[in-house]
Amino acid sequence: MTDAAVTSPVTQLADSFWEWFLAQSPIYATALGFEQYDDRLPDPSADGRQREIDYLRQLLADIAALERDSLDGEDAITLDMLGVVGRIQLRHHENRMHHFEAVDAMAGPQGLPAELSRYQRADTPERLDRLIRRLELFPSYLAAHTANLEEGLAAGRTAARPVVDRVLEQTRRLAATPLDEAPLLAANRDLTTDARQRLRRALADHVQPALVDYEAAIERYLPHAREGAGVWALPDGQAVYETLILATTTVEANARELHDYGLAQIELIADEQQRIASELGHADVAALRTAIGGDPALVARQRHVLVERAEHHIELAMAAAPRYFGRLPRAQCVVRSVEEYQEAEAPPAFYLPPPPDGSRPGIFYINTYQPESRPLHRIAAATFHEAVPGHHFQIAIETELEGLPIFRRLGSRLVGMAYSEGWGLYAERLADEMGLYVDTFERLGMLDAQAWRAARLVVDTGIHAFRWTRQQSIDLLRQVGLSQLEAETETDRYITWPAQALAYMTGMREIVALRHELEERDGERFDLPAFHDAVLGHGSLPLATLRRELPGWVNPRTN
C-alpha cells in the first residue's frame, strides 16, 4: 500500500470504522484472529443499540462530507462500501430486527459457547483468562437477548413457530449436554488439569445455568410465536422484507421479479436434467431419482465417507485451478464434520474462512448427520461451492489482498451476501467447465444444486411476500430433488433468515451477465483467468459497484 493510500481520508475513515466494528462485534473479531477482543461479548441491549445508531449516523455524515469526485478508483469503491454498510445497518435498527435476532438455530446466542470451540484458543494462561471472562458474561448476554424477545412480544412481533421449535430443541440439547462433553472442553483436551478445571467451572457456574434460564424463556415465548411463517404476518412485514432484500442483495430488488425469475430458471434447469435422464435410459427425472434412491453405491452409509469424498474433490479442483485462475490463495482448505450440537439444524455444508494471521486454514464443514439421507452425487457441487474454487478462493484471496484497507480485506462481506454467494454458485457451474464432475451423476447433482438455488428465489419470496405455507416450500424443494430432511431444514432456514436465500441466484446472475458482456466485447481474446482474477481481486463488492467497475478491470489477451 502506498503512503498516499495509507493517509487518504477514505482509508482513515475505513480504518476507524473497522476498529469500531471489531469492538462492536467481538465474536466476529475472534473468528478473524483478533485476540484483543476475546474477553468481550456484543452488547444486544437498548443502550448498545443506541450507541451503534449514533455511530452509524456520524459515519454517514462523514462520508457525505468527503469530495467523492476527487477520489481514485479504490477509494471510491471503499467509500461506496462504507455507505452501503452504514445504510443497511441503520435500516436494521429502524425495522427493530433485534426482536428476532435471538431466535435462530444456526447462529443464535444459545450456541455461542459451542461455536467458540471452533476458533477461540485457550492454550496459554492469558488466552484461557480471556475465554473464561467471556463465559462469565454469557448470562447477561442471554438476558439482554431475552429482554429483546419480550420487547418484540409486547409489540406483537414474534418469530415463526417452526423456528422457535428448533431453537427450543437445540437449547434443550445444549443445556442437557453433560459438562465433560461440552464442545469447549472437547476442543481443549491438551489443557493442564488445573486449566481444564477452571474452564469446566466456568461452564458449570455460568454457561449451563444461563442456558437453562434461556430454555425457560423460549418455552414462555413459544405459545406466542407467529403462526404465519413469513414476515408478511408482522404488522410492518413488507418494510421488514424490503430491508432484508436490500441487505442481502445490495440492490432494491422486487419480490415478484425474483419469484418469477426463479420459476423460469427451474424450467431451464429441468430441461438439462431431462437430457441427463434420457442419456441414462430413464423416461423422466422422477424415474431417474427413484433409481438413484435405490442404488446403494450413491448413498453414504457412514459419516466418514462424506468427508473423504469432499477431500477428494478439493484435490481435483486444486490440481485444475491454475488453468482457470492466475492467482491462487495461500491458505489451505480442510474438511471437517459439522459438530453434533448443531448438525440436526445445520445446512448441508458451509465454510469458515482462515484468519489473516494464518493460524488456521479455511474449513469446509460438511454435515454428516443421517448420512443415508445425503446422496453422494451431490457432494461435488457442495464442495466446489463452499471450498474450491468457491468460497475458499473468494474469501481467502480477499483476506490476502494486501494493497487494500483492512476493512476491504476482512470486513467487506458486511456489504451483503449476493457477491459471495453468487460467486459460490458460479463456481458450481465453473467446475463443470473445468471437468471436475467425474461422472453424469455428479453433473446431475450440480443441476440439482442449481435448481435448489432457483427454488430458493421462489420459496423465500413465496413465504415472506406471497403468504406461502411451510408445506408449500417443502413440496417445491422436494420437487427439485431435496430429501425430506433437507427440504424441512432448508425451509426453516428461509423462515429464520428472510431474504438470505435470494443472494445466490441474484449474485450469480450478475457475474454471468458480466462475463457474457466481456466475452462479446473481446471475442476470441476474452481472457477467462483474467476475468476470474478481476472478480476476486478487489474483495466482496455491492453488485452495483461490481457492475460499474469490472469491465474496466478486464483486458483482452494480447496473444
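Quick check: is even one residue across region 183-204 within 30 Å of THR491 (Cβ to Cβ), surrounded by 20 or more Cβ atoms within 10 Å (Cβ to Cβ) and in contact (Cβ under 8 Å) with a residue 40 or more places away in the chain? The answer is yes, given that some residue of region 183-204 is within 30 Å of THR491 (Cβ to Cβ), surrounded by 20 or more Cβ atoms within 10 Å (Cβ to Cβ) and in contact (Cβ under 8 Å) with a residue 40 or more places away in the chain. Report, by residue number, each residue of region 433-458 that is among the basic types (Lys, Arg) and either more than 19 Å from the chain's Cα centre (by Cα) or not in a helix (DSSP H, G or I) (or both). Hit for region 433-458 is ARG443, nothing else.
Restricting region 277-318 to residues that are under 30 Å from GLY362 (Cβ atoms) and basic (Lys, Arg), the residue that is surrounded by the most Cβ atoms within 10 Å (Cβ to Cβ) is ARG309. Only residues that are closer than 15 Å to PHE466 by Cα and of a type outside the set (Phe, Trp, Tyr) were counted in region 236-252, giving 7.
Results for (1) part of a loop (DSSP other than H, G, I, E, B); (2) within 20 Å of GLY539 (Cβ to Cβ); (3) out of contact with any Phe, Trp or Tyr (no Cβ under 9 Å at 6 or more places or on another chain), shown as yes or no for each residue.
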{"residue": "GLU315", "(1), (2), (3)": "no, no, yes"}
{"residue": "LEU328", "(1), (2), (3)": "yes, yes, no"}
{"residue": "VAL334", "(1), (2), (3)": "no, no, no"}
{"residue": "TYR351", "(1), (2), (3)": "no, yes, no"}
{"residue": "PRO356", "(1), (2), (3)": "yes, yes, no"}
{"residue": "TYR369", "(1), (2), (3)": "yes, no, yes"}
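Flag not set for ASP54, criterion: assigned by TED's automatic domain parsing to the domain that holds THR146 and modelled with pLDDT under 95.
Which of the residues that make up region 200-252 are outside any helix (DSSP H, G or I) and touching a strand residue (DSSP E or B) at 6+ places or on another chain (Cβ under 9 Å)? Full working, then the answer.
First, the residues of region 200-252 that are outside any helix (DSSP H, G or I): 225-230, 234-236, 250-252.
Residues satisfying the conditions are ALA225, ARG226, GLU227, GLY228, ALA229, GLY230, LEU234.
If only one of THR461, THR383 is farther than 21 Å from LEU546 by Cα, more than 17 Å from the chain's Cα centre (by Cα) and at pLDDT 95 or above, which one is it?
Working: THR383 fails: more than 17 Å from the chain's Cα centre (by Cα).
From the options THR461, THR383, the qualifying one is THR461.
If I filter region 397-407 for residues that are part of a loop (DSSP other than H, G, I, E, B) and surrounded by 24 or more Cβ atoms within 10 Å (Cβ to Cβ), do I get at least one hit?
First, the residues of region 397-407 that are part of a loop (DSSP other than H, G, I, E, B): 400-405.
Those still in the list that are surrounded by 24 or more Cβ atoms within 10 Å (Cβ to Cβ) too: 405.
Taking every residue of region 397-407 in turn, at least one turns out to be part of a loop (DSSP other than H, G, I, E, B) and surrounded by 24 or more Cβ atoms within 10 Å (Cβ to Cβ).
Kindly establish whether GLU257 is closer than 27 Å to GLN170 by Cβ, acidic (Asp, Glu) and part of a helix (DSSP H, G or I). Considered against the rule, which asks whether it is closer than 27 Å to GLN170 by Cβ, acidic (Asp, Glu) and part of a helix (DSSP H, G or I), GLU257 comes out as no. Here LEU184, LEU191 are screened, and the one residue that is assigned by TED's automatic domain parsing to the domain that holds PRO113, in contact with a helix residue (DSSP H, G or I) (Cβ under 8 Å, 6 or more places away or on another chain) and assigned to a helix (DSSP H, G or I) is LEU184.
Considering (1) of a type in the set (S, T, N, Q); (2) closer than 20 Å to GLY539 by Cα; (3) surrounded by fewer than 17 Cβ atoms within 10 Å (Cβ to Cβ), the lone condition that GLN58 does not fulfil carries the number (2). Selection of helices (runs of 4 or more DSSP H) fully inside region 86-177 by the criterion of at least 2 residues being surrounded by fewer than 17 Cβ atoms within 10 Å (Cβ to Cβ) returns 125-136, 138-154, 161-176.
Residues are listed down the side, and each one gets a yes or a no for (1) closer than 30 Å to PHE325 by Cα; (2) over 17 Å from the mean Cα position of the chain (by Cα); (3) modelled with pLDDT under 95:
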residue	(1), (2), (3)
GLN472	no, yes, no
LEU477	no, yes, no
VAL480	no, yes, yes
ILE495	no, no, yes
GLU520	yes, yes, no
VAL554	yes, yes, no
ASN559	yes, yes, yes
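The values are calculated or read from the model by the stated rules, or taken from the named source; none is laboratory data. Keep in mind that this is a model prediction, so the values were computed, not measured. Because the Cβ atoms are built from the backbone with ideal geometry, glycine has one as well, and the counts that use them run over all protein chains shown.
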